[in-house]
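Notes for the one structure printed next.
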Amino acid sequence: MKSRAAATPFGLWMGIFTVVPMAIVLWFAFTDANGTFTLANIARIWQYAGTYVDSIWMGAVATLICLVLAYPVALSISRKAEHMQRTMVMIVMLPMWMNFLLRTYAWMTLLEDQGLLNQFLRWIGLPAMHLINTDAAVVLGMVYNFLPFMILPLYSVMAKLDNRIIEAAQDLGSNGFQVFRRVILPLSAPGIVSGVTMVFVPAVSTFVISKLLGGSKYMMIGDVIESMFVGDGCDYNVGAALSLVLMVLMLVCMSLMRKVDNGEDELGGMMA
């Protein structure tokens with residue numbers, strides 16, 4: 001009885017902020033404007049298949065870039081002294097203290113045709129480039145805003161690696177690349193999966209970055225969902241159906257992350 005009473009606040013929180021919102025999304029996704037059950041909303045998803053593909057592609061590119069940039073940074077931080085680790089983690093988190101919208105607006109100022117980057121190019125004698133309202137600008141905005149969400153999970157896992165395992169591999173004749181491939185990389189897999197999940201899901205569903213840095217030329221699925229809930233042509237039912245697909249994607253990522261975490265626990269038990 002005591003355990004049930006202690007779990008009551010968590011159950012209420014889950015019910016109010018998870019179960020109820022998901023039930024509302026499911027209701028709108030499988031009903032029409034009159035509340036009648038229908039699969040027409042789900043069928044209309046195919047009209048936005050191209051947008052889904054573009055969003056997934058750009059989100060995957062941004063996630064891959066974040067992983068390539070974040071991995072050596074996280075590994076470097078985890079190898080530092082403890083007081084240096086705290087300082088470097090704070091530096092990584094520092095941009096997150098600023099409002100997300102303001103950070104994106106700052107990149108608009110940098111990338112626009114008369115922005116600081118083009119002014120610098122002209123100053124050094126190079127021709128100006130059209131950077132704003134391009135897919136590259138959208139990916140750049142994703143990488144900048146979501147990079148800390150890749151670094152922190154990787155660092156959290158790498159900081160817990162036992163140096164004795166690395167030393168044992170070196171004593172057995174492994175070179176630096178072999179130690180990384182056979183020891184560090186497999187043991188850091190849970191951090192990779194966590195970071196990929198935390199970056200890929202918001203990258204695919206973002207609409208602020210694509211709207212500000214991509215203009216009206218690049219519509220991502222987040223922009224389509226927003227248009228379904230705002231404006232004269234809104235359609236809550238189709239918007240809920242589109243959102244449902246993103247929720248399924250998130251559940252798949254979380255399931256994958258759980259399997260990798262379980263594998264880490266089993267490995268840790270064998271090494272102990």
**OP:** Give the peptides 141-148, 174-181 in descending order of average Cβ contacts within 10 Å, highest first.
**Re:** 141-148, 174-181
**OP:** Could you rank the peptides 154-160, 238-244, 75-81, 34-40 by their average count of other C-beta atoms within 10 Å per residue, with the highest value first?
**Re:** 238-244, 154-160, 75-81, 34-40
Subject >> Cβ-based exposure ranking for Asp135, Asp32, in which fewest neighbours within 10 Å come first >> reply: Asp32, Asp135
**OP:** Can you check what the net charge comes to around Val89, using other residues whose Cβ is under 15 Å from the Cβ of Val89 (Lys, Arg +1; Asp, Glu -1)?
**Re:** +3
Original post:
Can you list the residues, at least 5 places off or on another chain, whose amide H is less than 5 Å from the amide H of Thr31, using H built in the peptide plane?
Top reply: Thr38
Original post:
Over the chain, what is the relative contact order in whole percent, taking alpha-carbon pairs under 8 Å and six or more residues apart?
Top reply: 27
Original post:
When the chain is fully extended, how far beyond the present Cα-Cα distance does Leu126 get from Phe177, taking 0.36 nm per residue of separation?
Top reply: 14.4 nm
Subject >> Projected label distance in nm at Met254 and Met96, using a 7 Å step from Cα toward the beta-carbon >> reply: 1.9
Original post:
PRE reach from Val20 (point 7 Å along Cα→Cβ): which of segment 222-257 fall under 14 Å by backbone N?
Top reply: none
**OP:** Output the peptides 161-167, 193-199, 88-94 sorted from most to least packed, where packing is the average of other Cβ atoms within 10 Å over each peptide's residues.
**Re:** 193-199, 88-94, 161-167
**OP:** Just report the Cα centroid separation between segment 141-206 and segment 44-110, whole Å.
**Re:** 15
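Here, each number is a calculation from the coordinates, and none is a lab measurement. Since the structure is predicted, the reported quantities are computational estimates derived from the model, not experimental observations. We place every Cβ from the backbone using ideal geometry, glycine too, and count neighbours over all the protein chains shown.
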